Each structure stands twice: as structure tokens, then as C-alpha cells.
Amino acid sequence: MKALIQRVTRASVTVEGRTVGAIDHGLLALVGVEKGDDEVAVERLLHKLLHYRVFGDTEGKMNLNLQQVEGGLLLVSQFTLAADTRKGLRPSFSSAAPPAEGDRLFHLLLERAEATWPKVASGEFAADMQVALVNDGPVTFLLES
């Protein structure tokens with residue numbers, strides 16, 4: 001699994017004109033599920049999302065994690081993160097998990113996140129989503145499980 005995380009001051013996801021998920025200060029995580037991903041990958045990614053130190057301490061150094069700053073976590077499925085872009089000028093999605101497996105693992109990540117942390121929101125799997133955010137920093141990292 002991959003997650004492109006962005007430290008945000010706010011972020012939201014809209015589907016067909018309605019807001020389906022929103023957070024204030026925290027992390028927006030665009031999540032891609034690849035072939036071969038499993039429950040262990042879900043657990044590793046969730047651990048990283050909650051514990052990766054990307055928030056500034058009193059000296060401005062990235063020493064604090066999402067839980068320490070009591071931030072929100074907005075999970076958005078994005079199968080395009082699983083694309084192979086090494087060759088040619090068009091992405092190949094052969095490494096992406098099949099839709100049913102991607103759906104299952106994304107929702108498992110969402111369920112485990114909600115059971116672990118009270119400030120979790122999400123987009124809708126396989127929906128045409130509009131994601132709005134204010135990237136804080138900007139701070140952006142690609143996490144892999």
C-alpha cells in the first residue's frame with residue numbers, strides 16, 4: 001500500500017456537490033492499494049499514518065506525530081498511486097489491486113483507523129471526488145507499507 005500524505009491546515013472531499021469528509025489541522029492521505037497488499041500492509045500503513053513525525057515541535061522541528069498534535073486524518077482512495085510510470089507517456093495500472101480487493105483493503109484501513117483514532121474522515125471509494133486542501137508547509141511524503 002502507498003499513501004501520499006500532506007500536512008494540511010484543512011482538507012475536504014466532495015462527491016456530487018456534497019461534502020463527504022473534512023478535517024481541520026492534520027493529514028490528508030491519498031491511498032493506493034497494489035496487488036499483493038494484505039491486512040499486514042494495512043496495519044503497517046495505519047501505524048505510519050498515526051505515528052509519522054511531520055508536525056513541528058516548539059522549536060519548529062518535525063518531531064510530533066498526528067496523535068501528539070490531535071490532528072484529523074482524511075483518507076481518500078486513489079488507485080492512480082499504484083500506477084507504473086517508468087515507461088512511456090501513459091500510466092499502466094497493471095500493479096493496482098483489482099477493484100474489489102482495493103475496496104476491501106481501503107475499507108479495512110478506514111475501519112481500523114476509526115477504531116484507533118477519533119478524528120477520521122474519508123472520501124468514497126471509486127467515486128468521482130473533488131479534494132480541496134491547504135497544504136501546510138508545504139509538507140508532502142510518500143509512505144509505503
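For segment 95-114, give me the residue count where each residue is crowded, with 21+ Cβ neighbours inside 10 Å and either closer than 18 Å to Ala22 by Cβ or over 18 Å from the mean Cα position of the chain (by Cα) (or both). Number satisfying all stated conditions: 2.
Looking at Arg112, Arg104 in this structure, which one is touching a residue at least 60 places away in the same chain (Cβ under 8 Å), at negative phi and not in a loop (DSSP other than H, G, I, E, B)?
Arg112
Any chance segment 84-94 includes a residue that's over 18 Å from Ser12 (Cβ atoms), β-branched (Val, Ile, Thr), touching a strand residue (DSSP E or B) at 6+ places or on another chain (Cβ under 9 Å) and surrounded by 13 or more Cβ atoms within 10 Å (Cβ to Cβ)? There is no residue in segment 84-94 that is over 18 Å from Ser12 (Cβ atoms), β-branched (Val, Ile, Thr), touching a strand residue (DSSP E or B) at 6+ places or on another chain (Cβ under 9 Å) and surrounded by 13 or more Cβ atoms within 10 Å (Cβ to Cβ).
Pairing each residue of segment 117-145 that is within 18 Å of Arg18 (Cβ to Cβ) and in contact (Cβ under 8 Å) with a residue 40 or more places away in the chain with any residue that is of a type in the set (Asp, Glu) and surrounded by fewer than 17 Cβ atoms within 10 Å (Cβ to Cβ), provided the two are 6+ apart or on different chains, yields C-beta distances under 9 Å for Ser122/Glu114; Phe125/Asp103; Ala126/Asp103; Ala127/Glu16; Asp128/Glu16. Hey, any hits in segment 123-135 for a residue that's in contact with an Asp or Glu (Cβ under 9 Å, 6 or more places away or on another chain) and assigned to a strand (DSSP E or B)? Within segment 123-135, not a single residue is in contact with an Asp or Glu (Cβ under 9 Å, 6 or more places away or on another chain) and assigned to a strand (DSSP E or B).
For residues that are among the charged types (D, E, K, R) and over 14 Å from Leu74 (Cα atoms), scanning just segment 1-24, find the one that is surrounded by the fewest Cβ atoms within 10 Å (Cβ to Cβ). Only one residue tops the list, namely Arg18. Scanning segment 25-37 for residues that are more than 13 Å from the chain's Cα centre (by Cα) and either in a strand (DSSP E or B) or exposed (fewer than 14 other Cβ atoms within 10 Å of the Cβ) (or both) gives Glu34, Lys35, Gly36.
Just so you know, all these numbers are worked out from the coordinates, no wet-lab data involved. No experiment lies behind these values; they were computed from the predicted model shown. For neighbour counting, all protein chains shown are included, and Cβ atoms are generated from backbone atoms with ideal geometry for every residue, glycine included.
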